[in-house]
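Novice: The structure follows.
The values are calculated or read from the model by the stated rules, or taken from the named source; none is laboratory data. Source: prediction; values computed, not measured. All Cβ positions, glycine included, derive from the backbone under ideal geometry; neighbour counts span all protein chains shown. Ligands, DNA and RNA are excluded from the accessible area calculation, which covers all protein heavy atoms including side chains. Shrake-Rupley method; radii C 1.70, N 1.55, O 1.52, S 1.80 Å.
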Amino acid sequence: MKNKAGIIGVGSQVPEERVDNYYFEHIMDTSDEWITTRTGIKERRRIAEGEASSDLAFNAAKKAIESSRIKPEELDMIIVSTITPDSSLPSVSCILQDKLGAVNAAAFDLSAACSGFVYGLTVATQFIENGMYENILVVGVETLSTITNYEDRKTAVLFGDGAGAAVVGRVEEGGIRSTYIGADGSGRDYLQISAGGSRMPASHESVDKNLHKVTMSGSNVFKFAVRKMEEASIIAIEKAGLAPEDINFYVPHQANIRIIEASAKRLGLDMEKVYVNIDRYGNMSSASIPVAMDEAYREGKIKKGDNVVIVGFGGGLTWGSAVINWSL
Ligand code: COA
């Protein structure tokens, strides 16, 4: 018989420094009013100089492991989703493996942008269900401030830094009832970083032209996001054998409050059942969902036995959703 996989521990970490909308009023042609009404963001967090993704990931992971009551040596695998690793080699997951003392864990990073945590959760679920592994750490971490172009008002105001983590393990009751992931690479130009890879290695010119920073076609991503958030949620709910009215809580990717509200409305969900922290953190890409999930749990908004939908979309283009019967 198949094992049941569930989330047995959660944790998160955001940097200390808060960057509010007024900061941007001083460096570019924008306003707190525009940013608040068009995105829902009031402030975001930024790492300190010398800090990197693995530092945030380590603290989030430590909290998740403590809450799961397992020891780091009991981890069989570490999956880190990030588009902002400390460097392209080694992986953030290997740095974590060492720092955590998770000596028995295999470790790799995955790249699926804002959907990455759901991709990681999906991979972890397979290994637990098929019996190969017992405990897997899944982390979403981003330091988007390092790839943000602070001269581009269309993107600069949107992103923030943070990390969220979950330990996926065997559970007797409840657990991860369904996962669904997908991609459409034909939309790859909508969100991209041109330089720093094999196509355009770093050069003086690439740095001078800001080509290591993210660019985005906001309106194309917006339309895709509203459609996909609903579609992916419905597919995960159906795969779980449930209907939208069986959903107790919704933890969507935090990219824009208007996207969150539109998708909740399409699903017939009251905003009271929807977790929102975009006002405090902006878009943290693959960290958004695990940070929101951790906060919702700690605030008592998600309780044992609740059916929770997590859903995300992002660069690639990619998307992912899952229904979790909360077992913590
Ligand atoms: N301050 C002031 N004006 C701004 C601005 C800012 N920070 N950013 C853009 N604008 C301006 C634009 O230049 C444009 O002006 P113009 O008409 O004179 O050219 C105007 O606002 C409207 O721009 P538009 O891009 O149509 O705005 P929008 O209502 O679509 O909002 C986003 C822009 C980025 C907030 C929105 O498209 C969005 O959230 N998209 C999805 C982004 C996303 O999810 N990304 C992450 C994927 S994980």
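Novice: Let me have the 222 nm mean residue ellipticity of the chain computed from DSSP H runs of 4+ only, each contributing -39500 (n - 2.57), with the sum over all residues rounded to the nearest 500.
Specialist: On the way: 11 runs with 110 residues, N = 328.
Result for the chain, helices only: -10000 deg cm²/dmol.
Novice: Note down the magnitude of the dipole of region 70-127 about its Cα centre, charges +1 on Lys and Arg C-beta and -1 on Asp and Glu C-beta and zero elsewhere, to the nearest 20 debye.
Specialist: Working: 2 positive and 6 negative charges, 19 e Å.
Charge dipole of region 70-127: 100 debye, to the nearest 20.
Novice: May I ask what percent, to the nearest 5, of DSSP beta bridges between residues of region 5-173 are antiparallel? Walk me through the numbers before you get to the answer.
Specialist: On the way: 21 of 31 bridges.
Among the beta bridges of region 5-173, antiparallel pairing accounts for roughly 70 percent.
Novice: Could you sort Cys94, Cys114 by their accessible area in this structure, using a 1.4 Å probe and putting the largest first? Spell out each step's value before the answer.
Specialist: On the way: Cys94 60, Cys114 15 Å².
The ranking, largest first, comes out as Cys94, Cys114.
Novice: Output the Kirkwood hydrodynamic radius of region 202-328, Cα pairs only, in Å rounded to one decimal. List each step's numbers first, then the result.
Specialist: Numbers: mean 1/r = 0.0648 Å⁻¹.
The answer is 15.4 Å.
Novice: If R₀ is 30 angstrom, what is the calculated FRET efficiency for the pair Glu51 and Ser31, using the beta carbon separation as r and rounding to 0.05?
Specialist: Details: r = 29 Å, r/R0 = 0.97.
Calculated value: 0.55.
Novice: Considering only protein heavy atoms and a 1.4 Å probe, what is the carbon-and-sulfur percentage of the accessible area of region 177-325?
Specialist: Numbers: 3140 of 6490 Å².
With neighbouring chains kept in place, the figure for region 177-325 is 48 percent.
Novice: Which GluC sites (Glu not before Pro) in region 250-328 sit in a loop by DSSP (not H, G, I, E or B) and have at most 16 other Cβ atoms within 10 Å of their own Cβ? If you can, show how the numbers build up before the last one.
Specialist: On the way: sites: Glu261, Glu272, Glu295, Glu299; in loops: Glu299.
Answer by residue number: Glu299.
Novice: In addition: What's the ranking of 165-174, 250-259 by average number of surrounding C-beta atoms within 10 Å, highest first? Walk me through the intermediate numbers first.
Specialist: On the way: 165-174: 21.9, 250-259: 24.9.
Packing proxy ranking, top to bottom: 250-259, 165-174.
Novice: Please compute the net charge surrounding Leu211, taking Lys and Arg as +1 and Asp and Glu as -1 over other residues with Cβ under 15 Å from its Cβ. Numbers along the way, then the final one.
Specialist: Working: positive: Arg199, Lys209, Lys213; negative: Glu151, Asp152, Asp189, Glu205, Asp208.
In short, -2.
Novice: Could I ask something else about it? Can you tell me how much longer the chain between Glu238 and Glu16 gets when fully stretched, taken as 0.36 nm per residue apart minus their C-alpha distance, in nm with one decimal? Walk me through the intermediate numbers first.
Specialist: Working: separation 222, 0.36 × 222 = 79.92 nm, distance 4.00 nm.
Residue separation times 0.36 nm, minus the Cα-Cα distance, leaves 75.9 nm.
Novice: Let me ask something else. Would you check the accessible area of Ile65, probe 1.4 Å, heavy atoms only, in square angstrom rounded to 10?
Specialist: In the full protein context, Ile65 sits at about 10 Å².
Novice: Another question, if that's okay. For region 120-258, report the convex hull volume of the alpha-carbon atoms normalised per residue, in Å³, without decimals.
Specialist: Numbers: hull volume 21.9 nm³, N = 139.
Considering the Cα atoms of region 120-258, their hull volume per residue is 158 Å³.
Novice: Quick one: check the C-alpha center-to-center distance for region 1-70 versus region 100-135, whole angstrom.
Specialist: Spelled out, the Cα-based centre of one part sits 20 Å from the other.
Novice: Convex hull volume of the Cα atoms in the chain, per residue, in Å³? The partial results should precede the final answer.
Specialist: Details: hull volume 41.4 nm³, N = 328.
Roughly 126 Å³ of hull volume per residue.
Novice: Right, here's the next one. If the label point is 7 Å along Cα→Cβ of Glu73, which residues in region 104-123 have backbone nitrogen under 14 Å from it?
Specialist: 104-105
Novice: Working out 0.36 nm times the residue gap between Ser219 and Gln192, then minus their Cα-Cα distance, what length gain in nm do you get to one decimal? Write down the numbers at each step before the final one.
Specialist: On the way: separation 27, 0.36 × 27 = 9.72 nm, distance 1.46 nm.
Working it through step by step, the gained length comes to 8.3 nm.
Novice: So, one more: When only alpha-carbon atoms are used, what values of Rg and Dmax, in angstrom, describe region 5-173?
Specialist: Using the Cα atoms of region 5-173, the pair Rg, Dmax is 17.4, 55 Å.
Novice: Continuing with the same structure: How high is the relative contact order of region 83-184? Use alpha-carbon pairs under 8 Å, at least six apart in sequence, and give a whole percent. Kindly include the intermediate steps, with their values, before the conclusion.
Specialist: On the way: 103 pairs, mean separation 26.6, N = 102.
The value is 26 percent.
Novice: How large is the dipole of the chain about the Cα centre if only Lys and Arg carry +1 and Asp and Glu carry -1, each at its Cβ, rounded to the nearest 20 debye?
Specialist: 640
Novice: When the C-alpha atoms of region 85-132 are aligned to their principal axes, what extent does each axis show, in angstrom, from largest down?
Specialist: 31, 28, 13
Novice: OK, next. Suppose each label sits 7 Å from its Cα in the direction of the beta carbon; what would the Met132-Asp152 distance come out to in nanometres?
Specialist: Rounded to a tenth, the inter-label distance reads 3.7 nm.
Novice: How long are the three semi-axes of the equivalent ellipsoid for region 180-227, computed from the Cα gyration tensor as the root of 5 times each eigenvalue, in whole Å, largest first? Don't jump to the answer; show the numbers that get you there.
Specialist: On the way: eigenvalues 140, 33, 8 Å².
Semi-axis lengths for region 180-227 are 26, 13, 7 Å.
Novice: Rank by packing, highest mean first: peptides 224-236, 122-134, with packing defined as the count of other Cβ atoms within 10 Å averaged across residues.
Specialist: Working: 224-236: 21.3, 122-134: 18.3.
Result, highest mean first: 224-236, 122-134.
Novice: Please list, in order along region 168-178, the HN-Hα scalar couplings obtained from phi with the Karplus expression 6.51 cos²θ - 1.76 cosθ + 1.60 (θ = phi - 60°), rounded to whole Hz, x for Gly and Pro.
Specialist: Those phi angles translate into 9, x, 6, 10, 7, 10, x, x, 7, 7, 6 Hz.
Novice: Give me the extension gain from Arg227 to Asp184: residue separation times 0.36 nm, minus the current Cα-Cα distance, reported in nm with one decimal. Before the final figure, lay out the partial values.
Specialist: Numbers: separation 43, 0.36 × 43 = 15.48 nm, distance 1.34 nm.
Taking 0.36 nm per residue and subtracting the Cα distance, the gain is 14.1 nm.
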